[in-house]
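J.: This is the structure, below, for whatever I ask next.
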Amino acid sequence: MADTGESMTFEVAFKRLEKIVAQLESATLPLDDVITQYEAGMRLLAVCGEQLAVAEKKIELLTQQRPGQWQHAELDAKVAADGAPAAPPEKKGRGAGEVSLF
């Protein structure tokens with residue numbers, strides 16, 4: 001595989017990885033080709049993993065605190081121990097007559 005993955009999008013890398021997995025699962029390739037495809041698959045897996053890590057850092061979950069106000073929050077801090085999303089942060093400073101739907 002000539003492409004090193006540096007300019008490859010996640011979607012392209014993932015599609016190529018799926019194709020390699022299908023070829024390996026078919027059990028029709030000669031052993032040398034299996035090794036070559038496995039190596040290529042491992043490179044693609046690394047590309048996908050790196051791009052997912054970058055995306056995770058970029059996301060950092062934009063959490064809306066009040067209409068029109070946004071706060072960046074760490075992804076891990078928004079996931080409860082059981083893997084379920086944590087409850088949204090409590091809204092502070094609400095006036096006595098204000099009603100909030102969220």
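Only the coordinates and a few stated rules stand behind these numbers; no lab work does. What you see is a predicted model, and the numbers here were worked out from it, not measured in a lab. With ideal geometry, Cβ positions are generated from the backbone for all residues, glycine too; neighbour counts draw on all protein chains shown.
J.: Would you calculate the separation in nanometres between label points at K57 and I35, each defined as 7 Å from the Cα along the Cα-to-beta-carbon direction?
T.: Once both label points are built, they end up 3.5 nm from each other.
J.: Counting each pair of different Cα atoms once, what's the Kirkwood radius of the stretch 10-59 in Å, rounded to one decimal?
T.: By the Kirkwood definition, the hydrodynamic radius is 11.5 Å.
J.: Sorted by average packing, counted as other Cβ atoms within 10 angstrom per residue and highest first, what order do 9-16, 52-59 take?
T.: 9-16, 52-59
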